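Input: a single structure, listed below in structure tokens.
What follows draws every value from the coordinates through simple rules; no lab data is involved. This is a predicted model, so every value here is computed, not measured. Positions of Cβ are backbone-derived with ideal geometry, glycine not excepted, and every protein chain shown enters the neighbour counts.
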Amino acid sequence: MERKIIVANWKMNGSMPLVESFGHAMGKLADTLPEAMELVVCPPAVYLRGMAQALGESRVRLGAQNCHAEAVGAHTGEISAPMLKEAGAEYVILGHSERREQQGETNAQVRAKAEAALKSSLIPIICVGESLAERESGTAIDVVVKQTKASIPTNHQPPTANHFIVAYEPIWAIGSGRIPEMGEIASMHRAVADALLSTTGKNIPVIYGGSVNEANARAILTCDGVHGALVGGASLKAESFVAIAAAAA
Ligand code: PGA
């Protein structure tokens with residue numbers, strides 16, 4: 001079975017009781033899934049240690065939702081990649097469209113953060129995606145390929161092939177219950193994978209995000225070129241998150 005990466009993006013949701021109940025449930029449920037299924041949970045950074053404890057010996061990995069490009073310094077309120085690593089994270093989501101929109105993050109900043117993450121041996125999950133206007137005007141593929149090339153790290157010689165992951169998330173599909181046609185997802189993933197191969201010389205995994213749920217997970221995860229999913233709303237319950245992963249098995 002092809003390796004699939006299923007990532008839970010909790011955004012600014014959760015509480016200590018939820019971390020504990022989710023972590024305990026996930027710890028058990030994850031063992032029922034095939035080895036080829038990589039599960040990553042990204043709670044708010046303050047819950048990383050608690051989640052690690054609640055997950056216990058489970059094979060579920062931990063990730064964060066952002067990091068600063070510098071390792072230390074006068075950046076009040078920020079968290080650096082080495083700090084996330086120390087708290088137990090192995091992955092970090094970068095350049096989510098909510099951050100690009102609400103914090104004004106640019107491609108150059110996302111690239112700098114991805115490079116900082118790699119230095120700390122964190123695997124960046126770099127988010128890209130088009131707006132509804134761009135989808136409707138037929139420029140989605142062009143826009144997303146350009147955004148991808150400008151947001152990925154410039155060092156392509158790290159030790160492993162999976163040194164970063166790209167998450168294709170159409171902005172209009174996030175939290176809306178609307179998803180692209182399967183053919184549109186397949187063409188976008190092919191275009192992004194080709195751009196990544198020509199830029200880096202490597203086959204970089206491209207996962208899909210935006211309104212993934214238990215009902216559509218199988219169609220999306222078996223779609224050509226889809227190497228996993230980034231799940232928001234449906235990832236707050238261990239049972240639905242695991243059901244999404246099971247749909248790909
Ligand atoms: P959603 O969010 O699954 O709630 O649409 C996905 C994301 O924003 O990563």
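Going 7 Å from the Cα of Ser21 along its beta-carbon direction, which residues of segment 214-247 have the amide nitrogen within less than 12 Å of the resulting point?
Under cut-off, by backbone N: 237-239.
Checking a compactness column here: for segment 60-202, what do you get for Rg(Cα) / (2.2 N^0.38 Å), N being the number of residues? Show your work: numbers first, answer last.
Numbers: Rg = 15.3 Å, N = 143, 2.2 N^0.38 = 14.5 Å.
Normalised by 2.2 N^0.38 Å, the Cα Rg of segment 60-202 equals 1.05.
What distance in nm separates the simple spin-label points at Lys119 and Lys202, each placed 7 Å from Cα in the Cβ direction?
1.8 nm
Could you sort the peptides 168-175, 226-233 by per-residue average Cβ neighbour count (10 Å cutoff), highest mean leading? Mind dumping the intermediate values first?
Values: 168-175: 22.2, 226-233: 23.9.
So the peptides 168-175, 226-233, ranked by packing, come out 226-233, 168-175.
I need the peptides 19-26, 89-96 ranked by packing, meaning the mean over residues of other C-beta atoms within 10 angstrom, with the highest value on top. Each step should come with its number before you reach the end.
Working: 19-26: 19.4, 89-96: 25.6.
Packing order, densest peptide first, comes out as 89-96, 19-26.
Where the Cα atoms of segment 95-159 are projected onto their three principal axes, how long is each span, largest first, in whole Å?
For segment 95-159, the Cα extents along the three principal axes come out at 39, 25, 15 Å.
When the Kirkwood hydrodynamic radius is evaluated over all pairs of different C-alpha atoms of the chain, what value in angstrom, to one decimal, is obtained? The partial results should precede the final answer.
On the way: mean 1/r = 0.0558 Å⁻¹.
One over the average 1/r among Cα pairs gives 17.9 Å for the chain.
Taking the Cβ of Gly138 as the centre, find all other residues whose Cβ is under 12 Å away and add up their charges (Lys, Arg: +1; Asp, Glu: -1). Mind dumping the intermediate values first?
On the way: positive: Arg135; negative: Glu130, Glu134, Glu136, Asp142, Glu184.
Overall, the nearby charge balance is -4.
From Cα pairs below 8 angstrom and at least 6 apart in sequence, can you work out the relative contact order of segment 61-147, rounded to a whole percent?
Values: 123 pairs, mean separation 25.8, N = 87.
Once normalised by length, the contact order is 30 percent.
What is the count of Lys pairs in the chain whose alpha carbons sit under 15 Å apart, if the two are 8 or more places apart or on different chains? Don't jump to the answer; show the numbers that get you there.
On the way: Lys11/Lys237; Lys28/Lys237; Lys85/Lys113; Lys85/Lys119; Lys113/Lys149; Lys149/Lys202.
Value for the chain: 6.
What percent do you get for the relative contact order of the chain when only Cα pairs under 8 Å and 6+ apart count? Don't skip to the answer; put the middle values down first.
Working: 508 pairs, mean separation 50.2, N = 249.
Computed over the chain, the figure is 20 percent.
Tell me, Kirkwood radius of segment 126-208 from alpha-carbon pair distances, in Å? Before the final figure, lay out the partial values.
Values: mean 1/r = 0.0763 Å⁻¹.
Result for segment 126-208, one decimal place: 13.1 Å.
I need the calculated FRET efficiency for the pair Ala215 and Glu70, taking r as the beta carbon distance and R₀ as 45 Å, to the nearest 0.05.
Numbers: r = 42 Å, r/R0 = 0.94.
Efficiency computed from Cβ-Cβ geometry: 0.60.
Just how large is the dipole of the chain about the Cα centre, in debye to the nearest 20, putting +1 at every Lys and Arg Cβ and -1 at every Asp and Glu Cβ? Numbers along the way, then the final one.
Numbers: 21 positive and 25 negative charges, 60 e Å.
That gives the chain a dipole magnitude of about 280 debye.
Kindly provide log₁₀ I(q)/I(0) values, in the same order as q = 0.13 Å⁻¹, from the Debye equation applied to equal alpha-carbon scatterers of segment 173-249.
The computed values of log10 I(q)/I(0) come out as -0.39.
Bin by bin, in steps of 5 Å, what percent of the Cα pairs in segment 16-98 do you find, going until the bin that has the longest distance?
Once binned at 5 Å, the Cα pair distances of segment 16-98 give 3, 15, 24, 21, 17, 11, 6, 2, 1.
Along the positive direction of the dipole of segment 165-249 (beta-carbon charges: Lys, Arg +1; Asp, Glu -1; about the Cα centre), which of Asn213, Ser187, Ala245 reaches farthest?
Positive-most Cα among the choices belongs to Ala245.
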